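Below is one structure, written out as structure tokens; the observations come after it.
The values are calculated or read from the model by the stated rules, or taken from the named source; none is laboratory data. These numbers were taken from a predicted model, which means no experiment stands behind them. Methodologically, a virtual Cβ is constructed for each residue, glycine included, from the backbone with ideal geometry; neighbour enumeration extends over all protein chains shown.
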Amino acid sequence: MGSHRIQHVLVVAIVLGPLLIQPATGVGCNAPDGPAIDTGFSPEGSAERLVLNAICTARRSVHLSAYSFTSPVIARALIDAQRRGVDVAVVADQKSNLVEDRSGKGRIALDLLSGAGVRVRTICVYPMHHDKFMVLDGESVETGSFNYTTSAARYNSENAVVMWHVPVVAQAYQQHWQSRFNQGRPWSGQASN
């Protein structure tokens, strides 16, 4: 393989790699059998791994509430869950992801999700929809400072916590998520907002 071809392959891998990464089935897809708490931190990498593991373990539902959502890796994991038959739904801050997102990454991520059949809504009822959490299967919760972004995973000091098999906590988060989802506007691409 020539030097020019190697450089081309490396450029493609660097540019497209994050869009193609998928959690490997059976690898890092572990949830405890009973109540437990797991933590992760960024930029060390364990926060993103914990979020991806939580999505991977979902069997019935992933209801995600986001301030900023631009991560192609997390979008891919949610799309994979949707394809496994998991009910995936997202409510995201409209201002952060559409109005003030000069990079266009928020719009791209929301388009990818909605294009794959994920129910996506944007919310602008509050000055800032600053929630960052997921309710998994109605019984576990992932939360913390971790935004669902590449910057949160690679550069920022962030934390993520998963409270496994705590239905009372999950019910409170689910009610909050549902109220925000109900207040949101359906997202189906540029024409909808």
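Only one entry in GLY138, GLY117, GLY144 is among the small types (Gly, Ala, Ser) and farther than 16 Å from ALA58 by Cβ, namely GLY144. Counting only residues that are surrounded by fewer than 18 Cβ atoms within 10 Å (Cβ to Cβ) and either farther than 23 Å from ARG107 by Cβ or at pLDDT below 95 (or both), region 175-187 holds 4 of them. Based on what the data block shows, is ARG5 charged (D, E, K, R) and at pLDDT 95 or above? Taking the combined requirement at face value, the residue does not satisfy it. Considering region 152-177, the residues that are in a helix (DSSP H, G or I) and in contact (Cβ under 8 Å) with a residue 60 or more places away in the chain include one that is farthest from ALA92 (Cα to Cα), namely ARG154.
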